[in-house]
Amino acid sequence: MPRASRLVALPATALLAAGLAACSTPSSGDEGGDSKDWSPVTIEHALGTTTIESEPERVATVNWANHEVPLALGVVPVGMAAANFGDDDGDGVLPWVEERLTELDADTPELFDEADGIDFEAVADTQPDVILAAYSGLTQEDYDTLSEIAPVVAYPETAWGTPWRETIELNSKALGMADEGAELIADLEEEIDASVAEHPRIEGRSAMFLTHVDATDLSEVSFYTTHDTRARFFEDLGMETPPSIATASSDTDKFSLTRSAEQADAFNDVDIIVTYGGDDLVSTLEDDPLLSQMPAVERGSVVNLPEESPLGTAANPTPLSISWVLEDYLSLLAEAADEA
């Protein structure tokens with residue numbers, strides 16, 4: 001199925017939610033809105049406790065992908081972070097987000113440039129009623145500053161470690177749309193299961209995700225732990241976490257770790273490696289005297305995601321991207337599995 005068709009097909013739930021949102025969410029032109037049915041929402045997270053006293057009309061989001069939750073549910077944010085990875089046309093909006101905005105007949109929200117951190121002034125200028133950041137790397141200082149602008153929903157446990165389901169749960173709860181969020185999760189789970197069933201070759205395979213590999217210095221390798229959404233997504237796809245990664249992850253709350261290349265034999269239990277890099281990355285790994293001894297590298301069971309393409313974000317599941325990249329990602333994993 002073409003990518004565009006897959007995105008449009010994604011959320012029967014999202015389209016339903018859009019209608020619900022149009023009926024139930026007051027517009028910014030309503031004086032105070034009609035919030036008589038709203039009950040205060042309290043959300044506990046790693047940086048504090050946030051209570052949203054009244055129904056939010058103006059929704060802002062910061063950091064990666066949080067804007068996709070309201071958009072999937074038919075709510076257009078007043079501001080969101082500009083895409084800084086996989087943005088092939090440089091407009092700050094990834095293609096699945098652009099297509100969703102088109103479906104909603106909406107203009108692109110204000111884009112916050114986060115190249116040097118959160119632009120607090122730009123966020124404040126959008127005059128939000130709530131700021132969504134359930135998937136984020138907010139520091140306590142970031143959170144405290146944003147909280148002076150509006151109630152903030154931060155990550156529940158680990159920075160950059162919120163699974164896609166929980167990102168939807170927390171952000172939709174803050175919008176008073178928890179039921180719609182649950183339906184969206186169910187729809188995505190059904191779609192993932194159906195797609196995975198068409199790729200039985202990857203079932204039960206173990207996989208690790210190397211972070212961006214520096215081809216000029218292979219003395220160390222860094223990898224995502226099980227606290228990172230990329231590593232967790234393997235299990236959604238019917239794959240397994242290698243014992244080496246599970247053990248390394250058990251002693252830390254960090255989303256990535258680094259090991260000397262001399263310890264590469266610790267990853268002999270890995271069937272498939274996923275990473276980011278250029279076209280010559282695999283050959284560079286194969287030519288390295290230490291990393292080439294990793295069975296997955298020796299067999300050529302490496303998925304090399306292009307950094308400059310939206311496909312490069314495939315491994316980091318988000319509410320709107322899953323449908324757009326799922327088939328392509330599974331196909332790449334299946335090809336790597338053939339070599340395992």
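Give me the percent of DSSP beta bridges within segment 201-339 that run antiparallel, rounded to the nearest 5. Show your work: numbers first, answer last.
Values: 6 of 14 bridges.
The antiparallel proportion sits near 45 percent.
Between Ser222 and Asp280, how many nm apart are label points set 7 Å from Cα along the C-beta direction?
Label at Ser222, label at Asp280, 2.2 nm between them.
Report the gain in length on full extension from Gln140 to Asp269: 0.36 nm times residue separation, minus Cα-Cα distance, nm rounded to one decimal.
Details: separation 129, 0.36 × 129 = 46.44 nm, distance 3.77 nm.
So the extension gain works out to 42.7 nm.
What's the center-to-center distance, using Cα atoms, between segment 190-255 and segment 278-340 in Å?
Each part's Cα centre sits 11 Å from the other's.
Zone of Thr49 (label point 7 Å along Cα→Cβ, backbone N under 13 Å): which residues in segment 119-149?
Correct set: none at all.
Could you identify which residue out of Asp113, Asp217, Asp269 has the top mean-square fluctuation in a GNM of the chain using Cα springs shorter than 10 Å?
Asp217
Name the residue from Val297, Ala314, Ala336 whose Cα lies farthest towards the positive end of the charge dipole of segment 201-339, charges +1 on Cβ of Lys and Arg and -1 on Cβ of Asp and Glu.
Ala314
Quick one: if the Förster radius is 51 Å, what FRET efficiency do Glu103 and Ala215 give, using the C-beta to C-beta distance and rounding to 0.05?
On the way: r = 40 Å, r/R0 = 0.78.
Result of the calculation: an efficiency of 0.80.
Show me the GluC sites (Glu not before Pro) within segment 298-334 that DSSP assigns to loop and that have at most 16 other Cβ atoms within 10 Å of their Cβ.
Details: sites: Glu298, Glu307, Glu308, Glu327; in loops: Glu307, Glu308.
The qualifying sites are Glu307, Glu308.
For segment 42-104, which GluC sites (Glu not before Pro) are in a loop by DSSP, counting at most 13 other Cβ atoms within 10 Å?
Working: sites: Glu44, Glu53, Glu57, Glu68, Glu98, Glu99, Glu103; in loops: Glu53, Glu57.
When the GluC sites (Glu not before Pro) of segment 42-104 are filtered for loop state and at most 13 Cβ neighbours within 10 Å, Glu53 remain.
Relative to the Cα centre, what is the charge dipole magnitude of segment 278-340, using +1 at the beta carbon of each Lys and Arg, -1 at the beta carbon of each Asp and Glu, and rounding to the nearest 20 debye? Before the final figure, lay out the partial values.
Values: 1 positive and 13 negative charges, 63 e Å.
With Lys and Arg at +1 and Asp and Glu at -1, about 300 debye.
For the chain, which DSSP H helices look membrane-span-like by this rule: Cα extent along the axis of 20 Å or more and mean Kyte-Doolittle of at least 0.0?
178-197, 321-339
Just subtract the alpha-carbon distance of Gln293 and Asp116 from 0.36 nm times their residue separation and send over the number in nm, one decimal.
On the way: separation 177, 0.36 × 177 = 63.72 nm, distance 3.86 nm.
Contour length minus the Cα-Cα distance gives 59.9 nm.
Rounded, prolate or oblate: which one fits the chain, using the alpha carbon gyration tensor with axes a ≥ b ≥ c (rounded when a/c is under 1.5, else prolate when a/b beats b/c, else oblate)?
Details: a/c = 2.09, a/b = 1.73, b/c = 1.21.
Note, shape of the chain comes out prolate.
Of the listed peptides 171-179, 195-203, what is their order by residue-averaged count of other C-beta atoms within 10 Å, with the highest listed first?
Working: 171-179: 22.4, 195-203: 15.1.
Highest mean packing first, the order is 171-179, 195-203.
Around Glu114, which amide H atoms from residues at least 5 apart in sequence, or from another chain, sit under 5 Å from its own amide H, with H modelled in the peptide plane?
Ala82
Can you give the charge dipole size of the chain about its Cα centre, rounded to the nearest 20 debye, using +1 on the beta carbon of Lys and Arg and -1 on the beta carbon of Asp and Glu? If you can, show how the numbers build up before the last one.
Working: 14 positive and 69 negative charges, 146 e Å.
Value, rounded to 20: 700 debye.
Quick note: the coordinates plus some simple rules give every number you see, no bench work behind them. Computed from a predicted model, the values in this text were never measured in an experiment. All Cβ positions, even for glycine, are placed from backbone atoms using ideal geometry, and neighbour counts span all protein chains on display.
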